[in-house]
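First the structure, in the form of structure tokens, and then the observations on it.
The values are calculated or read from the model by the stated rules, or taken from the named source; none is laboratory data. Source: prediction; values computed, not measured. Note that we place each Cβ from the backbone using ideal geometry, even for glycine, and neighbour counts take in every protein chain shown.
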DNA sequence: GCCGTTTTCGGCCCGACTGTTTTCAGTCG
């Protein structure tokens, strides 16, 4: 059993012990032990073989024994017994806000409640309010928590969170009391889905800021409101937290609440190794484990280190001997090691985009006409715009057959010649990859196009072997320019189809086919986790909005976000290049490319 | 259950907020 699996079990033991009402320091010892394992830099097998496990900070005699047993046998009787003695419903009840181990224990012991369903019934019957330490209000909150969990107990698309957060952030920044305001958490890190919104504010006077925050019209419920923080739930179901800190402390809190947890753990370790202690309060010398005086100093803004106080994240990283790390890269996936060796290249930004390729019009299933889409693209300052409507096999999407596609090509040619728009329009198609890997349209019409996006829209249930072979066959088609939404996933809705991404990337590289980063907030496909390595090998990315109306063009912002998480630079993204360069690129796939509607 | 220049017992843990309390326990991040 590897160290991560063992750490997982130690954490589970911690939760189970807590539900058993064990000594909280014992509970914490298990969680601390789990963290010690997870951040162990050496090979666990070696450490155990050399008898050095006990002695690692956080792992004593008892934990060392249990870890050794798990590593050797994959089992631990202590854990099995503990698990068998605890109804699984109790662990699940921890997900209800306001319920912790103590209350769950009381509910179980006094009312025999051992699941969320039991709890809902007991609340509805008014039996919970009668318990000691509970009351009417608690009962109502628990019921509301159960209902909210059913209705909203899920993550939200980054895009939805971003759109909800932007106006609030602007509003906060406009308040006279506010010196600085940022959002933090997974939203700031640009993760594809977001649990809740975190707003961080530096202000001198706090009460008016809290008041402004909780009285937004989109607030459905204020779940907490105090002097320095508040929590609300919007009508959309999104939850949001506001935290206010003194200006000097802002940067430390911003870094801390941006996370990720893994990144923060590594940063704190790095600080420790340098005799420092990093927290949301500041960066102070660790000598004497922080006297009360030093801690007070930290709370006033981390003045414990360096001649000047740290006012930016860049300065914070520098204080630990690191180059700046963009928030998107803070996932604990090696960014700290990289930042030690050198600075990160400038990541791609929304302003770098010069055009987009995968978009729909009313010719297939889009909601705006060709002219409207082109006008929308021009309004966004782009140099070129590619139309890629569905092909005939996507019957449900009103896909185009050869005749209708030729008509569209003629329309685009006419539009380009008309001079109505400065922006150049490329004629493409989103051509279905048929179940056997053939393309949905004949070579005779494909050669009349500037480019071809190939995508899977059918037979999702093929085996991984079949699907991988199918996509690779399409990539090998000499006219294929780019691969659309690689896995077909819909975030929070449907898993992608089974496909061997590594083999597809190999094929794309071998055939000089670009892979799309589909910027539709539900897709963000190919996933950011694959990009860094693939782009490092020369794979070209195309950020495409897959827009079905003019507003959908703005999805590129979500795509940029995912590209940044994937560590991509502008040079690695095809559509940051200017019109003439893009033409040259397209011509490598089709000598006629870029010629639609161009005067000769 | 871990730890130790306060060292084998007695601390460890941290501030803010809510609700049920009449001075504080439980939860959360």
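Exactly one residue out of A:146, A:104 is within 10 Å of DNA strand B (Cβ to nearest atom) and in contact (Cβ under 8 Å) with a residue 24 or more places away in the chain: that is A:104. Total residues in the stretch A:499-518 satisfying the condition of being more than 20 Å from residue A:459 (Cα to Cα), assigned to a helix (DSSP H, G or I) and either under 28 Å from the mean Cα position of the chain (by Cα) or in contact (Cβ under 8 Å) with a residue 12 or more places away in the chain (or both): the figure is 6.
Here A:578, A:552 are screened, and the one residue that is within 19 Å of residue A:513 (Cα to Cα), at pLDDT 95 or above, surrounded by fewer than 22 Cβ atoms within 10 Å (Cβ to Cβ) and not assigned by TED's automatic domain parsing to the domain that holds residue A:186 is A:578. With respect to residue A:145, is the statement that it is assigned to a helix (DSSP H, G or I), assigned by TED's automatic domain parsing to the domain that holds residue A:118 and within 28 Å of the chain's Cα centre (by Cα) true? Yes. Considering the conditions (1) touching a residue at least 12 places away in the same chain (Cβ under 8 Å); (2) out of contact with any helix residue (DSSP H, G or I) (no Cβ under 8 Å at 6 or more places or on another chain), residue A:528 is excluded by exactly one of them, (2). Of the residues screened, residue A:560 is not one that is in contact with a helix residue (DSSP H, G or I) (Cβ under 6 Å, 6 or more places away or on another chain), outside any helix (DSSP H, G or I) and at pLDDT 95 or above.
In a residue-by-residue description of the stretch A:353-364, the property of being outside any strand (DSSP E or B), assigned by TED's automatic domain parsing to the domain that holds residue A:453 and surrounded by fewer than 16 Cβ atoms within 10 Å (Cβ to Cβ) applies to no position.
Could you tell me whether any residue of the stretch A:264-277 is within 11 Å of DNA strand B (Cβ to nearest atom), without any contact (Cβ under 8 Å) to a residue 60 or more places away in the chain and under 22 Å from residue A:203 (Cα atoms)?
no
In this structure, residue A:161 does satisfy being under 17 Å from residue A:558 (Cα atoms) and buried (at least 22 other Cβ atoms within 10 Å of the Cβ). Could you tell me how many of the residues in the stretch A:474-498 are in a helix (DSSP H, G or I) and in contact with a strand residue (DSSP E or B) (Cβ under 8 Å, 6 or more places away or on another chain)? Within the stretch A:474-498, residues that are in a helix (DSSP H, G or I) and in contact with a strand residue (DSSP E or B) (Cβ under 8 Å, 6 or more places away or on another chain) number 2.
The number of residues in the stretch A:18-27 being surrounded by fewer than 21 Cβ atoms within 10 Å (Cβ to Cβ) and closer than 19 Å to residue A:90 by Cα comes to 6. For the condition within 30 Å of residue A:348 (Cα to Cα) and within 13 Å of DNA strand B (Cβ to nearest atom), residue A:250 does not qualify. Please verify whether residue A:414 is under 26 Å from residue A:553 (Cα atoms) and modelled with pLDDT under 95, treating the condition exactly as stated. No: the conditions fail for residue A:414.
Residue selection: residue A:201 fails the criterion of being more than 13 Å from the chain's Cα centre (by Cα), assigned by TED's automatic domain parsing to the domain that holds residue A:219, within 13 Å of DNA strand B (Cβ to nearest atom) and outside any strand (DSSP E or B).
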